[in-house]
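Novice: The following block contains the structure, expressed as structure tokens.
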């Protein structure tokens, strides 16, 4: 029963009809800052947060039995992967939450054995396919694949970015039709359409 138990998903959205909820969640874009709607200062801060959290988690007992990915965007940390116990998963969340400049944590860790190389490779391929689908499928003016960060864990695709409602809907609709995707979870920061002068 614990094998696929989601530790804490207070910010998780399970799509029904694939209509995105408006929520403040982890957000992302390209690592190089191209098409990134964050400030340059926030990009630097997010990179620093990721390193700090990784270092702290790397020193935790039991870490070698877990597969954990840490993503930071706009000061919000997303935790993905597998941990052997609920206690470790909650401890990882606590460590991330107490890291300087972290505003909130989305804990999407599950209690399960470490992902196999085949599973990790499959997730990587899904991420690549999703990015390609977004790059070729987006039609809204002023919106492109660089505005959305994509991460995959156990065939579940997480979408992050600073977007308006129309952009969120379009991104989700594109991703849900990509082969291999079992679920789409948006952690978007929804902004007013005029905020970025998107026509």
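The values are calculated or read from the model by the stated rules, or taken from the named source; none is laboratory data. It should be emphasised that the depicted structure is a prediction, and the values quoted were computed from it without experimental measurement. Positions of Cβ are backbone-derived with ideal geometry, glycine not excepted, and every protein chain shown enters the neighbour counts.
Novice: Within the stretch 74-91, track down each residue that is touching a strand residue (DSSP E or B) at 6+ places or on another chain (Cβ under 8 Å) and surrounded by 19 or more Cβ atoms within 10 Å (Cβ to Cβ).
Specialist: 74, 76, 77, 78, 79, 80, 81, 82, 83, 89, listed by residue number.
Novice: Filter the stretch 156-182 down to the residues that are under 13 Å from the mean Cα position of the chain (by Cα) and modelled with pLDDT of 95 or more, then identify the one that is nearest to residue 35 (Cα to Cα).
Specialist: Applying the filter and picking the extreme gives 158.
Novice: Out of the residues in the stretch 53-73 that are under 14 Å from residue 103 (Cα atoms) and either at pLDDT 95 or above or in contact with a helix residue (DSSP H, G or I) (Cβ under 6 Å, 6 or more places away or on another chain) (or both), which is surrounded by the most Cβ atoms within 10 Å (Cβ to Cβ)?
Specialist: Among those that are under 14 Å from residue 103 (Cα atoms) and either at pLDDT 95 or above or in contact with a helix residue (DSSP H, G or I) (Cβ under 6 Å, 6 or more places away or on another chain) (or both), it is 72.
Novice: Which is out of contact with any strand residue (DSSP E or B) (no Cβ under 6 Å at 6 or more places or on another chain) and either free of Cβ contacts under 8 Å to residues at least 60 places away in the same chain or over 27 Å from residue 52 (Cα atoms) (or both), of 133, 168, 115, 96?
Specialist: The match here is 133.
Novice: Turning to a different aspect of this structure: Given the condition in contact with a helix residue (DSSP H, G or I) (Cβ under 9 Å, 6 or more places away or on another chain), within 16 Å of residue 185 (Cα to Cα) and assigned to a loop (DSSP other than H, G, I, E, B), answer yes or no: does some residue in the stretch 75-84 qualify?
Specialist: no
Novice: Run residue 148 past the list (1) in contact with a helix residue (DSSP H, G or I) (Cβ under 9 Å, 6 or more places away or on another chain); (2) more than 24 Å from residue 63 (Cα to Cα); (3) surrounded by fewer than 22 Cβ atoms within 10 Å (Cβ to Cβ) and report the number of the one that doesn't hold.
Specialist: It fails just one condition, (3).
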